[in-house]
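Below: one structure, written as structure tokens.
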Amino acid sequence: VLLAHGEPEVVVMNFADPFPFDPLPAGWYHRTFWTRKAASFTFATQVGVPALRCETQSSASMLFRHADIDLVTYPILEWRWFIEKPIVSEVDERTREGDDHPARLFITFIAANGEERNIEIIWGNQLLKSGDYKYIDTFPHYVANGGADNVGQWHRERIDLLAIYRHLWPGTGAARVVDIAIFCDSDDTATASIAYFADIRMQRIR
């Protein structure tokens, strides 16, 4: 389990030094779905940046890093991502049938009362833009970036995860981040995608 010890930032995932996938290091977990093919995770360098490459072909899976980080102390989530092949589909991405994105961050919180809450930070396709929210049933998604114009280049994102948490669950007090996962999928739309992630960090406000 990744812990914070008061440092200015906590490096959640750094792919400059590749590690084995079978077995994964302690504290990591590859979640697959029994009804779906798994996404392909490999190490690669994209435009000079060491990264994790995620490719899907009508498939989906998630690479987790287990953590225990106080969200009030470390409210800022920062990362880089690069979309090489976006999801191209006529199905509305705001529906369950169109719920595919080339890149997501899946985050699990434990609230002060012990309740588990989850959110996804996603790359929008055609309809969703930066700052939008979407819900599949009651499950929340926050759009950090997206669109065809932004494909093919690295983007550094920096979001106030605590502010998003309080927007979604107002008046619920403090929380801890206990899981962060890279999630890539194209299973619902039967399409394909390629994305890269690098330098996922949680930070204090400086």
Selection within the range 115-139 - surrounded by fewer than 17 Cβ atoms within 10 Å (Cβ to Cβ), of a type outside the set (Phe, Trp, Tyr), in a strand (DSSP E or B) and out of contact with any Lys or Arg (no Cβ under 7 Å at 6 or more places or on another chain):
116, 117, 118
Checked pairs for the range 86-106, first closer than 11 Å to residue 189 by Cβ and buried (at least 20 other Cβ atoms within 10 Å of the Cβ), second at pLDDT below 95 and of a type outside the set (S, T, N, Q), C-beta under 8 Å and 6 or more apart or across chains, list as 93/127; 93/128
How many of the residues making up the range 170-206 are assigned to a loop (DSSP other than H, G, I, E, B) and either in contact with a Lys or Arg (Cβ under 6 Å, 6 or more places away or on another chain) or buried (at least 17 other Cβ atoms within 10 Å of the Cβ) (or both)?
5
Scan the range 55-75 and give yes if some residue there is free of Cβ contacts under 8 Å to residues at least 24 places away in the same chain and surrounded by fewer than 17 Cβ atoms within 10 Å (Cβ to Cβ), otherwise no.
no
Can you confirm whether the range 78-92 contains a residue that is of a type in the set (Ser, Thr, Tyr) and either within 20 Å of residue 145 (Cα to Cα) or in contact with a His (Cβ under 6 Å, 6 or more places away or on another chain) (or both)?
yes
Could you give me the residue pairs with C-beta distances under 8 Å whose first residue belongs to the range 24-46 and is over 11 Å from residue 185 (Cα atoms), whose second residue is open to solvent by 70 Å² or more (accessible area, probe 1.4 Å) wherever it lies, and which are 6+ apart or on separate chains?
27/1; 30/21; 41/21; 43/18; 46/84
State yes or no: is residue 19 under 19 Å from the mean Cα position of the chain (by Cα) and at pLDDT 95 or above?
no
Among the residues of the range 39-54, the number that are assigned to a loop (DSSP other than H, G, I, E, B) and either open to solvent by 50 Å² or more (accessible area, probe 1.4 Å) or in contact with a Pro (Cβ under 8 Å, 6 or more places away or on another chain) (or both) is 2
Exactly one condition in (1) more than 14 Å from residue 105 (Cα to Cα); (2) of a type outside the set (Val, Ile, Thr); (3) surrounded by 16 or more Cβ atoms within 10 Å (Cβ to Cβ); (4) in contact (Cβ under 8 Å) with a residue 24 or more places away in the chain is false for residue 163; which is it?
(3)
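The values are calculated or read from the model by the stated rules, or taken from the named source; none is laboratory data. Bear in mind that the values here come from a model prediction, so they are computed numbers and not experimental data. Counting neighbours? That spans all protein chains shown, and the Cβs are built from the backbone with ideal geometry, glycine included. The protein model used for the area step is the full one, side chains on, heavy atoms only, and it has no ligands, DNA or RNA in it. Shrake-Rupley method; radii C 1.70, N 1.55, O 1.52, S 1.80 Å.
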